[in-house]
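**Student:** Take a look at this one; I'll ask things after.
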Amino acid sequence: MMYKTHLATSIALSAALVSTVSYPFTISFLAGVSLGSLLPDIDEPKSFIGRRSFGLAVIIKRKFGHRGITHSLCIWIGLLLFLLLLVPNPFTLGISLGYFFHILGDYFSVSGVPLFSPIDNVRRKSPLTYKTSGKVETVIYYVAILISLFFILDDKMLTPFIQSVWELVTGILSLLFQTLG
């Protein structure tokens with residue numbers, strides 16, 4: 001269930017964040033947050049994203065192990081700079097935030113994360129932790145869904161989201177009709 005919790009908490013935290021800074025919550029941003037929330041687990045072949053990585057997860061796990069370098073703030077900063085300087089848009093901002101919130105979530109787990117890898121491979125964790133796939137994680141998952149709904153269903157968040165979905169659908173339909181006609 002962990003990947004669902006990463007998705008739910010990353011969406012909740014991102015929705016809360018963009019709500020406070022008045023950044024538009026769009027389908028592109030949400031897609032980026034969702035992808036970013038799964039990316040650190042590309043180091044685990046059995047993870048949701050690892051099973052879809054065409055063997056890349058196996059290579060990364062062999063080289064760095066699970067919850068290794070892909071769960072590092074150093075890698076996140078590099079990804080953040082690369083994405084936001086090279087292609088600054090809502091999707092890449094979402095990827096960056098989702099990735100960060102994944103690391104943050106694992107920081108609160110019993111296993112912790114190597115926050116400063118490759119400089120320092122010591123796994124660090126919060127004094128307040130939860131067990132992966134335990135009852136507390138289930139509570140976190142459902143609370144995150146409620147928080148997401150609270151923020152996203154607010155009119156200032158929902159309106160740009162619906163508009164972006166409409167633009168996406170009409171863009172796809174337009175492309176489809178151009179191709180067929």
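**Student:** Would you please list the contacts, defined by Cβ atoms under 6 Å and residues six or more apart or on different chains, that run from a residue in segment 126-138 that is surrounded by 12 or more Cβ atoms within 10 Å (Cβ to Cβ) to a residue that is among the β-branched types (V, I, T)?
**Tutor:** Matching pairs, first to second residue: T129/V110; Y130/V136; E137/T5.
**Student:** What's the number of the only condition in (1) surrounded by fewer than 16 Cβ atoms within 10 Å (Cβ to Cβ); (2) touching a residue at least 24 places away in the same chain (Cβ under 8 Å); (3) part of a helix (DSSP H, G or I) that V58 fails to meet?
**Tutor:** All conditions are met except number (2).
**Student:** Between a first residue in segment 102-119 that is open to solvent by 10 Å² or more (accessible area, probe 1.4 Å) and a second residue that is aromatic (F, W, Y), which pairs have beta carbons less than 9 Å apart while being 6 or more apart in sequence or on different chains?
**Tutor:** If the second residue must be aromatic (F, W, Y), the pairs left are F108/Y130; V110/Y130; L115/Y107; P118/F64.
**Student:** So, one more: Check P118, P160 and return the single one that is of a type outside the set (S, T, Y) and part of a loop (DSSP other than H, G, I, E, B).
**Tutor:** Working: P160 fails: part of a loop (DSSP other than H, G, I, E, B).
P118 is the lone residue from the list that is of a type outside the set (S, T, Y) and part of a loop (DSSP other than H, G, I, E, B).
**Student:** Which count do you get for residues in segment 1-50 that are in a loop (DSSP other than H, G, I, E, B), in contact (Cβ under 8 Å) with a residue 60 or more places away in the chain and open to solvent by less than 30 Å² (accessible area, probe 1.4 Å)?
**Tutor:** Total satisfying the criteria: 2.
**Student:** Being under 17 Å from the mean Cα position of the chain (by Cα), crowded, with 20+ Cβ neighbours inside 10 Å and modelled with pLDDT under 95: is that true of L83 here? Reasoning before the result, please.
**Tutor:** Details: under 17 Å from the mean Cα position of the chain (by Cα): yes; crowded, with 20+ Cβ neighbours inside 10 Å: yes; modelled with pLDDT under 95: yes.
Criteria met by L83.
The values are calculated or read from the model by the stated rules, or taken from the named source; none is laboratory data. Just so you know, these numbers come straight off a predicted model, no measurement behind them. Here the Cβ is made from the backbone with ideal geometry for all residues, glycine too, and neighbour counts use every protein chain on show. What goes into the accessible areas is simple: the full protein's heavy atoms, side chains included, and nothing from ligands, DNA or RNA. Shrake-Rupley method; radii C 1.70, N 1.55, O 1.52, S 1.80 Å.
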